[in-house]
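The values are calculated or read from the model by the stated rules, or taken from the named source; none is laboratory data. The structure presented is a predicted model; accordingly, all values stated were derived computationally and were not measured. No Cβ is skipped: glycine too gets one built from the backbone with ideal geometry, and neighbour counts run over all protein chains shown.
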Amino acid sequence: MSSNHRNRVVTLVATAVSFIFVTFLIVGTSRAAFSDTTANDNNTVGSAGVVLTDDDSGSAMFTVADMSPDDTIVRCIEVTYDGTITTNDPIQLYRTAAPTGTGLEAYLDMTVEIGTGGGSAACTGFTPSSTLTSGSLAAFFSTHTAYASALSTAWTPTGAGQKRTFRFTLTMQDDNAAQAKNTTFGYTWEARA
């Protein structure tokens, strides 16, 4: 092969390689010449809250000694829903734990009413809207042991600040077997959303 012919081949190959390189460079640059972006920053997601409180200030509703047959004690407690979400089901009422003591709950009759007005302890101004349950305290505690078996209050809050008052009436049965007994118990209200 002559050097002239070799120079032409080298020139042709160099020209072809240069053409291909320039073509890719132009196409790559052309693609980069038109672009745009948009952003959506600082996204924040928070969860709703279910908040249920009562007005007992941490005190027991009942602290009673020396009840006699047919004695009746009435107490009220105001429950407030301050959640940021509507509850799916009515507020439920059940025992906090199994009663302890010597079994007086079997000789106490209990009525629970729901309404408005009144408040912790005295019940002054309470207006009942319905009776939720009436029977022995022992029966309530053996039946309503947790959320799944709770007593429905039929109150489904739809927003914060809604309140209902619960009036509890306990009456000692006139039964000789009730003497010298005691019981310690608690109530739980639960809201779910």
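Suppose we filter the range 34-50 for residues that are over 21 Å from T87 (Cβ atoms) and either assigned by TED's automatic domain parsing to the domain that holds T84 or within 32 Å of the chain's Cα centre (by Cα) (or both); how many remain?
Within the range 34-50, residues that are over 21 Å from T87 (Cβ atoms) and either assigned by TED's automatic domain parsing to the domain that holds T84 or within 32 Å of the chain's Cα centre (by Cα) (or both) number 6.
Within 22 Å of T63 (Cα to Cα), at pLDDT 95 or above and touching a strand residue (DSSP E or B) at 6+ places or on another chain (Cβ under 7 Å): does that describe I114? Break it down stepwise before answering.
Working: within 22 Å of T63 (Cα to Cα): yes; at pLDDT 95 or above: yes; touching a strand residue (DSSP E or B) at 6+ places or on another chain (Cβ under 7 Å): yes.
Against the criterion (within 22 Å of T63 (Cα to Cα), at pLDDT 95 or above and touching a strand residue (DSSP E or B) at 6+ places or on another chain (Cβ under 7 Å)), I114 qualifies.
A122 - would you say it is closer than 23 Å to S68 by Cβ and without any contact (Cβ under 8 Å) to a residue 12 or more places away in the chain? Write out each step before concluding.
Details: closer than 23 Å to S68 by Cβ: yes; without any contact (Cβ under 8 Å) to a residue 12 or more places away in the chain: no.
No: the conditions fail for A122.
Do you know which of the residues in the range 180-193 that are more than 16 Å from the chain's Cα centre (by Cα) and outside any loop (DSSP other than H, G, I, E, B) is farthest from G101 (Cα to Cα)?
Among them, the one singled out is Y187.
Residue check: is S120 surrounded by fewer than 18 Cβ atoms within 10 Å (Cβ to Cβ) and either of a type in the set (F, W, Y) or at pLDDT 95 or above (or both)?
It is false that S120 is surrounded by fewer than 18 Cβ atoms within 10 Å (Cβ to Cβ) and either of a type in the set (F, W, Y) or at pLDDT 95 or above (or both).
Identify all residues within the range 92-114 that are part of a strand (DSSP E or B) and at positive phi; write none if there are none.
Within the range 92-114, G101 is the sole residue that qualifies.
Being more than 27 Å from M110 (Cα to Cα), assigned to a loop (DSSP other than H, G, I, E, B) and either in contact with a Pro (Cβ under 8 Å, 6 or more places away or on another chain) or not polar (S, T, N, Q) (or both), is that true of even one residue in the range 69-83?
yes
Which residues, counting only those in the range 147-179, are of a type outside the set (D, E), touching a residue at least 40 places away in the same chain (Cβ under 8 Å) and assigned to a loop (DSSP other than H, G, I, E, B)? Even if it seems obvious, please write down each step before you answer.
So the first thing to find is which residues in the range 147-179 are of a type outside the set (D, E), and the list is 147-173, 176-179.
Going one step further and asking which of them are touching a residue at least 40 places away in the same chain (Cβ under 8 Å), we end up with 147, 149-173, 177-178.
Within the range 147-179, A150, T153, A154, W155, T156, P157, T158, G159, A160, G161, Q173 meet the criteria.
If you go through the range 175-188 one residue at a time, do you hit one that is basic (K, R), buried (at least 18 other Cβ atoms within 10 Å of the Cβ) and farther than 27 Å from I85 by Cβ?
So far as the range 175-188 goes, no, none of its residues is basic (K, R), buried (at least 18 other Cβ atoms within 10 Å of the Cβ) and farther than 27 Å from I85 by Cβ.
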